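Asker: The following block contains the structure, expressed as structure tokens.
The values are calculated or read from the model by the stated rules, or taken from the named source; none is laboratory data. Everything numeric in this text was worked out from a predicted model, so none of it was measured. With ideal geometry, Cβ positions are generated from the backbone for all residues, glycine too; neighbour counts draw on all protein chains shown. Only protein heavy atoms, including side chains, enter the accessible area calculation; ligands, DNA and RNA are left aside. Shrake-Rupley method; radii C 1.70, N 1.55, O 1.52, S 1.80 Å.
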Amino acid sequence: MLFGTIVGSLADKQGRRRACVTYCITYILSCITKHSPQYKILMVGRVLGGIATSLLFSAFESWLVAEHNKRGFEQQWLSLTFSKAIFLGNGLVAILAGLFGNVLVDSLSLGPVAPFDAAAIFLAIGMAIILSSWTENFGDPSENKDLLTQFRGAAVAIASDEKIALLGAIQSLFEGSMYTFVFLWTPALSPNDEEIPHGFIFATFMLASMLGSSLASRLMARSSPRVESYMQIVFVISSASLMLPIITNFLVAPSKVKGESISFAGCLQVLGFCTFEACVGIFWPSIMKMRSQYIPEEARSTIMNFFRIPLNIFVCIVLYNVDAFPITVMFGMCSIFLLVASILQRRLMAISDKP
């Protein structure tokens, strides 16, 4: 939240291509720190990882949108690119990376740091591709603004344009629920230390996400329904799917036996979680499409990193208090947030045509 927001926002001023190269370098350095057992060095690695994550979620998308518009491509192609990126990157490549990491650690017995070394190699390849084939683009190169002026300009844009403010709130609510879910699904499925196949379940989640992104590409290819319209339904479905652990907790008697295989209630919850992951698959390309429409080009990276500040604060608060509340309360909170996101999406739909 602290370092990533500042560095991520520099992408508009210093260049998006340069920011993408910086992402590769910082994450390679973060991977190298994993070889040290010293806490201070590992903490430096987390700072570098925070900077890199912020750049990953803003600089690449900002570069793509600017390059797409600069070349005069059809706006519809942007939606297809986003959905393919989620389908192949967040879905297929995530599954393959997980399997490859498993092979390095278990089959080849190269130790728990081996996946980080492999990641550093892939990052170096990515950096070589960026340096050799990408052109540079900027946010607003006409004025030599300092960082504080950039932040002020981004804050004014969010405050003065209701569509940008709504988009930021929707993104923070959904992503906050999504990251909380990442920490909750394992204890939800094994409350009595049940033996659950974590890798297989994660792969199933990724398949559901791929299915969602594939559905999103079909929805965005049509003129009707619009993104602003169908996302209301997606948020309601995702809210209902995270209510399932609460419902099963009341309706299905919990098992008292330790270390069994996954329970019947757990199986029902897996179905709900897969539905949520499918909604995540629809969310990513859809939010990218809306960001490309509503966020002004000159401060795209800065505004996108602004959106991540409440998200990071929320996740920090949730993790710090994760033991203070029952797991059903946490899921209920996420479900309410998603319902609020649906209401805000309805408002965005109502004002989307206004200049």
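Asker: Taking the conditions exactly as written (open to solvent by less than 70 Å² (accessible area, probe 1.4 Å) and closer than 30 Å to CYS334 by Cβ), does ASP193 satisfy them or not?
Answerer: The answer is no for ASP193.
Asker: Select from region 67-80 the residues that are modelled with pLDDT of 90 or more and buried (at least 16 other Cβ atoms within 10 Å of the Cβ) and list them in ascending order.
Answerer: Within region 67-80, GLU67, HIS68 meet the criteria.
Asker: So, PHE60, is that one open to solvent by 60 Å² or more (accessible area, probe 1.4 Å) and assigned to a helix (DSSP H, G or I) or not?
Answerer: No.
Yes or no, residue by residue, for (1) farther than 28 Å from PHE57 by Cβ; (2) touching a Lys or Arg at 6+ places or on another chain (Cβ under 8 Å):
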{"residue": "ALA221", "(1), (2)": "no, no"}
{"residue": "SER224", "(1), (2)": "yes, no"}
{"residue": "PHE235", "(1), (2)": "no, no"}
{"residue": "SER238", "(1), (2)": "no, no"}
{"residue": "SER261", "(1), (2)": "yes, no"}
{"residue": "GLN269", "(1), (2)": "yes, no"}
{"residue": "ILE287", "(1), (2)": "no, no"}
{"residue": "TYR294", "(1), (2)": "no, yes"}
{"residue": "VAL322", "(1), (2)": "no, no"}
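Asker: Right, something else. For a quick check of your reading of the model, give me the residue pairs whose first member lies in region 20-38 and is touching a residue at least 40 places away in the same chain (Cβ under 8 Å), whose second is of a type in the set (Val, Ile, Thr), with beta-carbon atoms closer than 6 Å and at least 6 apart or on different chains.
Answerer: CYS20/ILE130; VAL21/ILE130; LYS34/VAL113; HIS35/VAL113
Asker: Here is a follow-up. When you check LEU166 against the structure, is it open to solvent by less than 40 Å² (accessible area, probe 1.4 Å) and assigned by the TED database to the domain that holds SER239, yes or no?
Answerer: Spelling it out, LEU166 is indeed open to solvent by less than 40 Å² (accessible area, probe 1.4 Å) and assigned by the TED database to the domain that holds SER239.
Asker: Okay, next question. Among what's in region 1-28 and is over 22 Å from the mean Cα position of the chain (by Cα) and either open to solvent by less than 10 Å² (accessible area, probe 1.4 Å) or not basic (Lys, Arg) (or both), pick the residue that is nearest to GLU67 (Cα to Cα).
Answerer: Applying the filter and picking the extreme gives GLY15.
Asker: For region 219-245, which residues satisfy the criterion of being at pLDDT below 90 and surrounded by fewer than 18 Cβ atoms within 10 Å (Cβ to Cβ)?
Answerer: Once the filter is applied, which keeps residues that are at pLDDT below 90 and surrounded by fewer than 18 Cβ atoms within 10 Å (Cβ to Cβ), region 219-245 yields ALA221, ARG222, SER223, SER224, PRO225, ARG226.
Asker: Still on this structure, I have one more. Going residue by residue through region 96-113, is there one that turns out to be closer than 18 Å to ILE130 by Cβ and among the small types (Gly, Ala, Ser)?
Answerer: Among the residues of region 96-113, not one is closer than 18 Å to ILE130 by Cβ and among the small types (Gly, Ala, Ser), which makes the answer no.
Asker: Turning to a different aspect of this structure: Is there a residue in region 103-112 that is open to solvent by 40 Å² or more (accessible area, probe 1.4 Å) and under 17 Å from the mean Cα position of the chain (by Cα)?
Answerer: no
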